[in-house]
Amino acid sequence: MSARYCTYTVYVQAVYQTVFARKCRFDGEWVDGVKQGKGTYTFGSGDVFEGTYDNNERHGEGFLSKKDGEKRQENWKLGKLVSFQVVEEAKK
């Protein structure tokens, strides 16, 4: 497992680079420069997603903990949200 701070990636002459900014962070498994397997992504907003990735995309079950306190169980398919269930309401 390794951590990388990132907002987006750029490809320059087939060399992978991660641009560090906005305080986003991914802690998890990387294969050939892409997120692959289990990981935790912390967004600049403070929201945190814990789940699995396939070829840099969220894929399968995961959990989103939002800064406002809401917690959601989510199901993803190749980067697209298929369904979610709120398991804890936001703090008021």
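The values are calculated or read from the model by the stated rules, or taken from the named source; none is laboratory data. Keep in mind that this is a model prediction, so the values were computed, not measured. Quick reminder, even Gly has a Cβ in these numbers, built from the backbone with ideal geometry, and neighbours come from all protein chains shown.
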Restricting attention to segment 1-46, report how many residues are β-branched (Val, Ile, Thr) and at pLDDT below 85. 7
Are any residues in segment 58-74 closer than 24 Å to residue 33 by Cα and either surrounded by 15 or more Cβ atoms within 10 Å (Cβ to Cβ) or not charged (D, E, K, R) (or both), and if so, which ones? 58, 59, 60, 62, 63, 64
In segment 53-92, what residues are among the hydroxyl-bearing types (Ser, Thr, Tyr) and within 15 Å of residue 25 (Cα to Cα)? 53, 65
